[in-house]
Structure formats: C-alpha cells, structure tokens
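Single-structure report; data block below.
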Amino acid sequence: MKKLLVSGAGGFVGARIMTQLAGRYELCAFPKRMLAAADEQTVADWVRREQPDVIVHTAALSDTGYSEKHPDESYRANVLLPCWMAAAAQKSGAKLVAFSSDQVYTGLTEHGPFDEDTPLSPANVYGRHKLEAEQRVLDARPDAVLLRAAWMYDLPGYGLPIHGNFLLNLLTAAMRQETLRFSMQDYRGITYVREAVERLTQAMELPGGVYNFGSENDCDMVTTARRACALLDIHPVIEAADWPRSLLMDGGRFRAAAGVGFDDTLMGVQRCLRDYGLLK
C-alpha cells in the first residue's frame with residue numbers, strides 16, 4: 001500500500017483526500033498549522049520522518065483577491081512552499097503531485113479551450129505565482145506532476161470543511177432570494193471535488209509535467225448557472241453581465257496519459273446531486 005503525505009489536509013481538497021482515499025492508501029499529513037510557519041528545513045525534516053511514496057501538495061493561499069493585496073504572503077504560500085516540497089521530494093525520492101490552478105490562463109483574450117503549451121502571461125498575482133511555482137518545481141523535481149485545477153465545488157456534509165462555491169452559491173441565493181451575477185462572456189470548467197480526488201489515483205501514476213485537471217464546459221457561465229438551477233429545481237435571479245474571460249482548459253493531455261477523463265461540468269453537477277440524494 002502506497003503511503004501518501006498530504007499538505008493542507010484540513011482544507012477543502014485535502015480533507016476529502018483524507019476521507020475518500022482512506023483504506024486505499026496509507027495516509028499521513030503535515031501537522032495542522034505547521035506549514036504556516038515552516039521553512040524549507042522544517043518541510044524536509046517532516047518528509048524525511050514520514051518517508052512517503054507520494055507527497056500530495058494541496059496547501060495554498062487560494063483567495064485571488066487576498067493574494068493581489070498581499071503578494072508577499074502569496075509568494076511564500078504559492079511559490080516557496082511548493083518549491084520546498086519539490087526539494088524534499090528530490091532528497092527523499094518521493095513522487096510529488098502538486099495542485100496548480102486554471103488561474104494561470106487569466107488574461108488570455110482567445111476563447112479557448114487552452115492546452116498546457118499555450119503561452120501564458122497571467123493577469124493576476126495568484127496566477128503569476130502559480131505559473132512560477134510550476135516552472136520552479138519541475139526544475140527541481142522533473143518527475144513532479146502539476147495539476148492545473150479548475151474551480152471545485154461540493155455540498156455540505158460528512159463533517160468536511162466547506163466554503164463558498166458554485167453549487168453552494170446557487171442554493172444560498174435561492175434560499176435568501178438574492179441575485180447572482182454571471183457573465184455571458186465568461187467561460188470556465190467547474191469540477192466536482194470528489195471526482196477530482198478520485199482522479200488523483202491516476203494522477204499519481206503520470207509522468208512528470210503539467211496537466212489540465214478538471215471538467216470541461218461548452219457553456220458560458222450564465223447558461224451553466226441556469227442549467228444547474230434547473231437540475232436543482234431552484235429559481236434564484238441570475239443577472240447576465242458581459243465582461244469577458246475564458247479559463248477553459250483542454251483536458252486531452254490528462255485523458256491520454258491517464259486513460260480516463262472528467263465528466264463535463266453539467267454531468268459533474270448531476271453526479272454530485274446523485275451522491276447527495278438530490279437527483280435520481
């Protein structure tokens with residue numbers, strides 16, 4: 001049984017790894033709050049102590065607005081920390097699987113979908129830091145797997161941490177009779193986090209490199225939100241804006257290498273609703 005060392009094990013993705021993959025892997029984690037104050041040596045010492053087969057690095061400062069206002073904090077969390085993980089993996093011989101983000105595609109003016117070889121110049125601090133981390137991690141540990149994750153969602157349950165996300169925002173707006181604003185020129189995939197965790201079992205076996213990791217989507221965000229609301233049978237007010245953005249990712253590299261892909265965005269929503277007994 002492979003041993004996985006998970007960073008961010010108390011977070012949105014990490015906590016689901018710890019529950020969903022229990023029994024299939026030997027799971028261990030960095031202690032709570034250790035990484036907030038850690039340096040490179042602290043990370044290396046813990047990896048040496050645990051001797052994992054795979055380090056799964058999910059810890060990040062993922063609030064794009066906060067990163068914009070606090071770039072130094074973002075740099076430490078989103079560039080230096082993954083670099084320290086890569087250095088520790090290189091010394092210990094562990095495989096490193098680290099989460100990047102679809103935010104590396106911010107600022108592109110084409111519609112997409114974008115593959116991993118698209119020239120990039122991210123328009124926000126978070127995206128720039130994630131891109132730099134990808135490059136530096138692969139320099140340090142060429143067999144590392146960097147996963148450009150799409151926006152992920154889940155519903156409350158099982159005592160797991162939850163935060164504002166696509167489905168939860170729709171449900172909350174419907175209950176509170178609030179208006180939600182999406183753009184008819186905003187395109188992105190949105191991924192059910194439990195499917196992403198399941199796909200980690202294939203991601204850990206991939207050759208080193210960068211992979212788009214998440215659901216694809218043919219619809220703009222207004223259409224996506226309205227179709228999700230129809231599946232939920234809820235009726236929040238969806239206000240259509242027209243500001244442009246595309247974070248659409250081409251998942252072909254992951255599909256070809258892993259032999260399996262993701263549900264598209266709306267199929268993923270249906271899977272989530274079935275898991276929670278909200279759709280037959």
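The values are calculated or read from the model by the stated rules, or taken from the named source; none is laboratory data. This is a predicted model, so every value here is computed, not measured. Heads up, the Cβs are rebuilt from the backbone with ideal geometry, glycines too, and the neighbour counts pull from every protein chain shown.
Things worth noting here:
- Evaluated against (1) among the basic types (Lys, Arg); (2) over 25 Å from LEU131 (Cβ atoms); (3) without any contact (Cβ under 8 Å) to a residue 12 or more places away in the chain, LYS69 falls short on exactly one condition, (2).
- For first residues located in the range 19-42 and among the charged types (D, E, K, R), partners that are modelled with pLDDT under 95 and in a loop (DSSP other than H, G, I, E, B) and lie 6+ apart or on another chain with Cβ distances below 9 Å form the pairs ARG24/MET1; GLU26/MET1.
- Within the option set LEU247, LEU168, being of a type in the set (A, V, I, L, M) and in contact (Cβ under 8 Å) with a residue 60 or more places away in the chain holds for one residue only, LEU247.
- Scope the range 95-126; condition under 13 Å from the mean Cα position of the chain (by Cα) and free of Cβ contacts under 8 Å to residues at least 60 places away in the same chain; matching residues: ALA98, SER101, VAL104
- Segments classed as strands (runs of 3 or more DSSP E), wholly inside the range 172-229, with at least 2 members that are in contact (Cβ under 8 Å) with a residue 24 or more places away in the chain and surrounded by fewer than 23 Cβ atoms within 10 Å (Cβ to Cβ): 179-183, 209-213
- Selection of the range 202-251 for residues being charged (D, E, K, R) and either under 27 Å from THR109 (Cβ atoms) or in contact with a Leu (Cβ under 7 Å, 6 or more places away or on another chain) (or both) yields GLU216, ASP218, ASP220, ARG226, ARG227, GLU239, ASP242, ARG245, ASP250.
- Selection status of ALA60, surrounded by 15 or more Cβ atoms within 10 Å (Cβ to Cβ), touching a residue at least 24 places away in the same chain (Cβ under 8 Å), part of a loop (DSSP other than H, G, I, E, B) and of a type outside the set (Asp, Glu): yes
- Filtered residues of the range 1-46 (kept if among the basic types (Lys, Arg) and within 16 Å of MET204 (Cβ to Cβ)): LYS2, LYS3, ARG16, ARG24
- Selection status of GLN103, of a type outside the set (A, V, I, L, M, F, W, C), part of a helix (DSSP H, G or I) and in contact with a Gly (Cβ under 9 Å, 6 or more places away or on another chain): yes
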